[in-house]
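Read through the structure below, which is laid out as structure tokens, and then see the notes.
Laboratory data are not the source of any read-out in this text; all were calculated from the coordinates shown. Quantities reported herein were computed from a predicted structural model and do not represent experimental measurements. Cβ placement follows ideal geometry from the backbone for every residue including glycine, while neighbour counts extend to all protein chains displayed.
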Amino acid sequence: MKIHEYQAKQLLGRHGLPVPLGIPVLGADSLEQAIQEVIGASKSQTVAVKAQIHAGGRGKGGGVKVAKGVEVARLAAGQILGQRLVTHQTGPEGRVVKRLLIEEGVSIARELYAGILVDRGCSRVVVMVSAAGGMEIEEVAARAPEAIVKEHVDPALGLAPFQARKLSYALGLTGTAARNATSFLQKLYQAFVALDASLVEVNPLVVTSDERVLALDCKMTFDDNALHRHPEVAALRDLDEEDPSETEARAHDLSFIKLDGSIGCMVNGAGLAMATMDIIKHFGSSPANFLDVGGGATQEKVTAAFKILTADPDVRGIFVNIFGGIMKCDVIASGIVGAVAEVGLHVPLVVRLAGTNVEQGTKILAESGLPITAASDMADGARKVVELVKRQVS
């Protein structure tokens with residue numbers, strides 16, 4: 001789960017990390033008051049007006065403006081709020097800006113980078129820093145990987161003081177700034193663990209002219225499997241920033257991720273779902289989604305999954321690939337028939353069933369009168385659905 005910058009900074013503040021003074025704006029009615037409060041409470045007339053969307057590159061896309069004085073800030077906010085912001089992460093369709101962050105201006109001496117995530121290669125959390133703050137970390141890694149300094153953390157010990165100091169010195173910091181950065185990194189790691197985060201990225205991490213260290217921007221994502229332990233974090237979810245199909249899938253307890261291909265997949269089991277996506281690529285097409293209905297799915301859940309697939313305008317064909325162990329093939333077949341009866345079928349549908357109650361499932365589909373193409377195995381099904389979609393397009 002992702003959250004907005006202002007929400008991430010509020011969480012950092014609760015864990016003792018220094019952040020600039022900022023007030024979120026959720027609508028035009030509260031804009032004027034927020035600007036006046038930030039300017040009144042800060043030492044400077046300068047404020048930053050920041051679009052709040054779940055995507056990076058906001059500054060390059062025109063979603064971050066620095067303004068001096070109430071009137072200029074109001075005009076800047078009016079240019080951003082309600083506009084469709086396009087960045088390299090939103091895609092060409094962009095995102096409508098429905099929230100802003102009005103933040104105090106900061107006297108910046110240096111811009112740095114700090115990030116924490118799980119390194120699955122070594123099964124440990126890794127803390128990363130770079131002197132190339134303000135740049136996309138992927139760009140830094142591609143151009144100058146040596147500019148990224150990493151420390152892997154022993155989960156039993158946490159980020160040790162010597163590791164935090166090592167990272168601070170690697171940034172070229174000394175004296176008060178180095179001490180502040182060391183403290184910042186240790187607290188950032190503690191917040192990462194306490195919140196069950198999967199990513200915390202502070203970019204830029206700034207050193208001010210008076211040697212304070214602040215999180216000028218922050219991105220956080222969380223492990224969905226741990227949200228039951230953090231209702232205060234789960235409450236921060238902004239459904240306007242999430243794909244509607246993923247929201248619908250979550251309501252039915254389906255594992256669903258929207259992708260950019262043209263063939264919808266409905267599979268039981270994460271491993272089989274990954275293999276299904278791979279074999280679709282092998283035969284020359286791309287999956288439109290990852291969708292695992294699970295081992296104990298009901299007919300209602302299968303129907304909901306099929307509706308999600310058929311509602312996607314990018315889906316040009318559907319491949320249902322079921323290996324019935326716990327899941328019964330007749331349940332899948334009944335769910336498909338029920339869903340098609342309700343929403344219709346406008347794209348080719350290929351179904352491969354194997355395992356428990358396969359005879360009953362095959363019979364249900366055969367007697368349904370629906371234009372369903374049967375497949376003998378996974379490769380046969382992938383080949384057929386790719387060919388049908390290509391034939392339809394041509």
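Points to keep in mind about this one:
- Average projection, convex hull of the Cα set of segment 249-394: 7.4 square nanometres.
- Cβ-based net charge around Lys219, under 9 Å, with every Lys or Arg adding one and every Asp or Glu removing one: -2
- Summed side-chain charge close to Ala194 - residues other than Ala194 whose Cβ falls under 11 Å, Lys, Arg +1, Asp, Glu -1: +2
- Cross-link pairs exceeding 23 Å between alpha carbons, from the set Lys60/Lys150; Lys301/Lys384; Lys219/Lys301; Lys65/Lys98; Lys9/Lys43; Lys60/Lys219: Lys60/Lys150; Lys301/Lys384; Lys219/Lys301.
- Cα shape, segment 1-102, gyration tensor, a/c 1.5 rule: oblate
- As a size descriptor, the averaged projected area of the C-alpha convex hull of the chain was calculated at 22.2 nm².
- Adding -39500 (n - 2.57) for every DSSP H run of four residues or longer, then dividing by how many residues the chain holds, sets the calculated 222 nm ellipticity at -11500 deg cm²/dmol.
- Take every DSSP beta bridge whose two residues both sit in segment 243-393; close to 20 percent of them are antiparallel.
- FRET efficiency, 1/(1 + (r/R0)^6) with R0 25 Å, evaluated for Gln89 and Leu272 via beta carbons: 0.25
- Shape analysis of segment 201-268 yields a ratio of the Cα radius of gyration to the Kirkwood radius, Rg/Rh, of 1.15.
- Once the chain from Met135 to His15 is taken as fully extended at 0.36 nm per residue, the excess over their C-alpha distance is 40.6 nm.
- Using C-alpha pairs below 8 Å separated by at least 6 residues, the relative contact order for the chain is 12 percent.
- 5 angstrom amide H check on Met266, placed H, neighbours 5+ away: Phe319, Val320, Asn321
- Cβ-based net charge around Leu388, under 13 Å, with every Lys or Arg adding one and every Asp or Glu removing one: +3
- If both residues of a DSSP beta bridge must be in the chain, then about 75% of such bridges are antiparallel.
- Relative contact order for segment 21-105, counting Cα pairs under 8 Å that sit 6 or more residues apart, in percent: 42 percent
- Computed extension gain for Arg120 through Leu75, at 0.36 nm per residue and net of the alpha carbon distance, reaches 11.6 nm.
- For the chain, the longest site-free run once GluC sites (Glu not before Pro) in DSSP loop states with at most 11 other Cβ atoms within 10 Å are removed: 94-366
- Whichever aspartates and glutamates have a C-alpha closer than 17 Å to that of Lys187, once near sequence neighbours (fewer than 8 apart) are set aside: Glu151, Asp154, Asp196, Glu201, Asp217
- In this rough spin-label picture, where each label sits 7 Å from Cα along the Cβ direction, the Asp243-Ala147 distance is 3.2 nm.
- Taking a ≥ b ≥ c as the square roots of the eigenvalues of the alpha-carbon gyration tensor, segment 132-280 is classed prolate because a/c is 1.5 or more and a/b outweighs b/c.
- Table column - 3J(HN,Hα) (Hz), segment 279-287, Karplus curve with 6.51, -1.76, 1.60, x for Gly and Pro: 6, 5, 4, 4, 8, x, 10, 9, x
- Shape category assigned to segment 1-57 from the gyration tensor of Cα positions, a/c cut at 1.5: oblate
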